[in-house]
1. Which shape class applies to the stretch 50-93: rounded if a/c is under 1.5, otherwise prolate when a/b exceeds b/c and oblate if not, where a ≥ b ≥ c are the square roots of the Cα gyration tensor eigenvalues?
2. Per residue of the stretch 83-96, what does 6.51 cos²θ - 1.76 cosθ + 1.60 with θ = phi - 60° give for ³J(HN,Hα)? Whole Hz please, x for Gly and Pro, Karplus curve as stated.
3. Taking amide H positions as placed in the peptide plane 1.01 Å from N, state which residues far from ARG58 in sequence (5 or more) or on other chains have amide H under 5 Å from it.
4. Once amide H atoms are placed 1.01 Å from N in the peptide plane, what residues at a sequence separation of 5 or more from GLY42, or on another chain, have their amide H within under 5 Å of its amide H?
5. Would you grab the residues whose amide H sits under 5 Å from the one on GLY177? Only those 5+ places off in sequence or on another chain, please, with H modelled 1.01 Å from N.
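Just so it is clear, none of the values below were taken in a lab; they were calculated from the coordinates. Model, not experiment: these values are computed from the prediction.
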Amino acid sequence: MLEREAPSGYLQEWTNLLAQKDEKIDARSDRSTVLAIVFRLGREWLALRASVFKEVTRPCIVRTLPHRSNEILLGIANIHGEIIPCISLSKFLGIESPKEAVQVNRETRKIDSYSKNIKSLISIETKQYERTIVLEKESKIWMFQVDEVSQTYRCCQDEIQELTVTTHNLTNSYIKGIFNLKDRKVSYLNDDLLFDALDRKLF
């Protein structure tokens with residue numbers, strides 16, 4: 001898996017997209033918009049401002065840190081000669097991934113029945129490619145792996161709905177709101193709170 005090649009032009013396309021400005025005024029409506037990048041963790045669709053994305057790349061080797069690594073801080077990785085801390089965003093946000101569910105079912109001897117139904121757990125419209133996302137904000141850098149990077153989406157601020165207790169199962173502290181994208185509900189994460197929390201809790 002780690003050695004497979006990305007589709008032709010895939011990584012260059014994301015490099016070009018990340019170079020775009022994240023906010024502008026929609027000339028047709030004078031509404032403020034934000035450019036977000038949508039990705040998937042398990043069955044949950046999430047988004048962050050494009051401006052905090054430094055790179056989207058292939059999965060890489062993560063080295064554990066003695067006496068420091070845990071279920072959230074997985075270790076460190078070398079990206080183009082830069083040492084970057086790697087986290088499990090799914091664990092941080094309380095998202096169960098399909099892989100984690102498989103492991104649980106192994107322990108309860110239900111793996112066979114789960115395997116038959118695993119394809120029905122995730123509805124995706126594009127090919128699935130696991131990717132590593134590198135984020136950077138005010139000289140703070142974090143990386144994490146996702147199950148899929150879907151697309152960029154320029155979202156009008158008034159499209160983002162307020163989060164209510166009944167609309168979502170994720171840890172609400174880091175979610176600004178939810179917007180609809182095709183048939184998906186996408187949780188728009190607050191990158192300010194996310195970076196602050198990671199810095200406080202892990203270092």
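1. It comes out oblate by the Cα gyration axes.
2. Listing the rounded values in order: 7, 10, x, 10, 10, 9, 5, 4, 5, 4, 8, x, 9, 8 Hz.
3. THR132
4. ASP147
5. TYR188
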